[in-house]
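Data block below; observations after.
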Amino acid sequence: MLIKSMAEIGTEISKASRLLENNELVAIPTETVYGLAGNALEPIAIARIYTTKNRPSFDPLITHVNNITNASALVNTFPALAHKLAEQFWPGPLTLLLPKRGHIPNILTSGFDKMAIRVPNHPITLDLLKQISFPLAAPSANPFGYISPTTAAHVNQHLGTKIPYILDGGPAHIGLESTIVSIEEEVICVHRLGGLDLEILRTFGEVKVLSSTKSNPEAPGNLDSHYAPKKKIIIGNLDELLLKYSDSKTGILSFSKIYSNSNKNIVLSENNDVNEAAENLFSALRTLDAEDIDLILGEYAPQKGIGKAINDRLKRASFF
Ligand code: TXA
Ligand code: MG
């Protein structure tokens, strides 16, 4: 039997850039989640991203650059309000949907006229982007539909046999994907809730959160079932759920309260802090997914700040 070797995990930016220049894929750290990166201007590299992730071709990728100037070089227009948001939040967890220039490969945007762009806030990836002469397409570095990775080890677990190198930047600080935004007639339209606090966005203008549909091809990150562990997960009132499922082998994902002394109860933030909870969420889901249990029982976070994005992910993880 042929045993494929796992990816090398390291911090060599020159090695990562060499591989990327040869249209190979490299996993990169960002402040939100790890990305599976390839040259955003090379259809061969982009196609590799889709096959490696097992991602449907209708689901476009986010392009990463290291500053506003390099983002401007990829787009036809950069509306004033979008520019203002970029100045305020880049590098950071904001993705802007902007009309792409003609030379941007259609496979990158699944044929859409707009492309998704952001400047990630991680020193290693910003250094890497400085060293190479092209932007990086990078969806989250997980198999399509599964939980996004927040550590190099998470990436290695599912994609390790498929890619040569993982740049290790430590655990992702934010822990949830970027907030995706487009500007329509001066209104800030949110296509995916994420690491950016909506209340702060509201100080820049009217904000409209677009609702998802079962199969919204404009933002498959908004598919009802996504970010999901393999185990069934039920979200609700934990006291009631624990009573109802007392005959099952359950794991517990609680926000701040301890329900059981077993290691099958993961508490997202004993300090009641939604940011800390976001940072721990995807790791906790992966840990529980690997436990010898039949069911994961969980509860929602408070609907404030990044808590809204946590609850969005919990809802999608529990959809079946
Ligand atoms: O935080 C993040 O955004 C991470 C890190 C690696 O940057 N990336 C990420 O990528 O979450 P991904 O591919 O897992 O999610 C990208 C989402 C998809 O749901 C996709 O549909 C949406 O962005 N998207 C990309 N381009 C789009 C476009 N042109 N129009 C509408 N949605 C788009
Ligand atoms: Mg993803």
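The values are calculated or read from the model by the stated rules, or taken from the named source; none is laboratory data. Because the structure is predicted, anything quoted here is derived from the model rather than measured. Note that we place each Cβ from the backbone using ideal geometry, even for glycine, and neighbour counts take in every protein chain shown. What goes into the accessible areas is simple: the full protein's heavy atoms, side chains included, and nothing from ligands, DNA or RNA. Shrake-Rupley method; radii C 1.70, N 1.55, O 1.52, S 1.80 Å.
In table form, for the structure just shown:
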read-out	value
K114, sole failed condition from (1) open to solvent by 40 Å² or more (accessible area, probe 1.4 Å); (2) out of contact with any Ser or Thr (no Cβ under 8 Å at 6 or more places or on another chain); (3) in contact (Cβ under 8 Å) with a residue 40 or more places away in the chain	(2)
So T69, is it hydroxyl-bearing (S, T, Y) and either within 16 Å of ligand 2 (Cβ to nearest atom) or in a helix (DSSP H, G or I) (or both)	yes
Residue ranges of strands (runs of 3 or more DSSP E) in segment 168-214 with at least 1 members within 16 Å of ligand 2 (Cβ to nearest atom)	179-184, 187-192
Residue in segment 77-92 that is farther than 23 Å from H122 by Cα and within 19 Å of the chain's Cα centre (by Cα) present	no
Flag if N222 is modelled with pLDDT under 95 and closer than 20 Å to P149 by Cβ	yes
Where V155 falls short, out of the listed (1) more than 12 Å from ligand 2 (Cβ to nearest atom); (2) out of contact with any Phe, Trp or Tyr (no Cβ under 6 Å at 6 or more places or on another chain); (3) not in a loop (DSSP other than H, G, I, E, B)	(2)
Counted residues, segment 168-192 - those being open to solvent by 10 Å² or more (accessible area, probe 1.4 Å) and on the phi > 0 side of the Ramachandran plot	3
Scope segment 269-311; condition of a type in the set (A, V, I, L, M, F, W, C), without any contact (Cβ under 8 Å) to a residue 40 or more places away in the chain and open to solvent by less than 50 Å² (accessible area, probe 1.4 Å); matching residues	V274, A277, A284
Those residues of segment 1-28 which are in contact with an Asp or Glu (Cβ under 7 Å, 6 or more places away or on another chain) and open to solvent by less than 70 Å² (accessible area, probe 1.4 Å), in sequence order	G10, I13, N23
Residues of segment 160-215 that turn out to be at pLDDT 95 or above, among the β-branched types (V, I, T) and more than 23 Å from V274 (Cα to Cα), as a count	6
Strands (runs of 3 or more DSSP E) enclosed by segment 1-64 - at least 2 residues per element that are more than 10 Å from ligand 1 (Cβ to nearest atom)	8-10, 35-39
Selected residue [open to solvent by less than 50 Å² (accessible area, probe 1.4 Å), under 25 Å from H226 (Cα atoms) and outside any loop (DSSP other than H, G, I, E, B)] from T125, T95	T95
S57 being within 16 Å of ligand 2 (Cβ to nearest atom), touching an Asp or Glu at 6+ places or on another chain (Cβ under 7 Å), open to solvent by 30 Å² or more (accessible area, probe 1.4 Å) and farther than 18 Å from G195 by Cβ	no
Among (1) touching a strand residue (DSSP E or B) at 6+ places or on another chain (Cβ under 8 Å); (2) outside any loop (DSSP other than H, G, I, E, B), the one test that Q88 misses	(1)
